[in-house]
Amino acid sequence: MNAETKEQSKQWMHTHSPNKPKKFKQTLSNKKMIATVFWNHTGILLTEFMAPGTTIMSEVYCETLNKIRRSIQNKRRRMLTKCVVLLHGNAWPHTAARTNALIKLFNWEIFDHPPYSPDLAPSNYHLFTKMKVWLATQHFHTNEELMDGVNNWLHNLAAPFFDEGLQKLVSRYDKCLNVDGNNVEK
């Protein structure tokens, strides 16, 4: 075969070879939704989702606190006659003057915990760790499906699950105090 015939053969093979399907790399969506979940020892009080790309600011958090107060009035009225103790993070929206003024107006107490202590936030060490396991087995096509799925999952958890999470807080907080405020993993 001479050089010209080889070249023609290559062109024929290339132009007449069957088209192979292109492989595309699958990547997970970068979209995240923030869920704010309020709960007590008997179950869920309020779940809110923020639109992707939005930020929690003090005024938004105050609106959420108003919603949780209404939810307590509707679901657990006697909590308001006793005392509501709010455990939330040390993030700016939680500690802003506007937020503190609203909490004082509601006559709620704040359960303080050391900064940067996710090991003392029951939602982090108890609720969200279980939710992550569940979410890993799910597939949602829309944000609405995700929100419905999460709400259904949360509301199907039994009261002992929530009580257990708060009982763990007591021992974790005690360990933290015994090590001068350092994080406690277990």
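The values are calculated or read from the model by the stated rules, or taken from the named source; none is laboratory data. This is a predicted model, so every value here is computed, not measured. Cβ sites come from the backbone with ideal geometry, for glycine too, and all protein chains shown count toward neighbours.
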When the residues of the stretch 48-70 are filtered to those that are assigned to a helix (DSSP H, G or I) and without any contact (Cβ under 8 Å) to a residue 12 or more places away in the chain, which remaining residue is surrounded by the most Cβ atoms within 10 Å (Cβ to Cβ)? E63
Cross-chain or 6+ apart pairs with Cβ under 6 Å, the stretch 71-92 first and under 11 Å from N40 (Cβ atoms), then aliphatic (A, V, I, L, M) and modelled with pLDDT under 80: I72/M79; I72/L80
Candidate set from the stretch 109-142 (those that are part of a loop (DSSP other than H, G, I, E, B) and closer than 14 Å to L87 by Cα); member that is modelled with the highest pLDDT: F111
Among the residues listed as A121, A91, A96, the single one being exposed (fewer than 15 other Cβ atoms within 10 Å of the Cβ) and among the small types (G, A, S): A91
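Here's the yes/no breakdown for (1) small (G, A, S); (2) out of contact with any strand residue (DSSP E or B) (no Cβ under 7 Å at 6 or more places or on another chain); (3) under 23 Å from L146 (Cβ atoms):
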site: Y61; (1), (2), (3): no, yes, yes
site: N66; (1), (2), (3): no, yes, no
site: R69; (1), (2), (3): no, yes, no
site: L87; (1), (2), (3): no, yes, no
site: H94; (1), (2), (3): no, yes, no
site: W108; (1), (2), (3): no, no, no
Kindly establish whether E145 is assigned to a helix (DSSP H, G or I) and either closer than 22 Å to M33 by Cβ or β-branched (V, I, T) (or both). yes
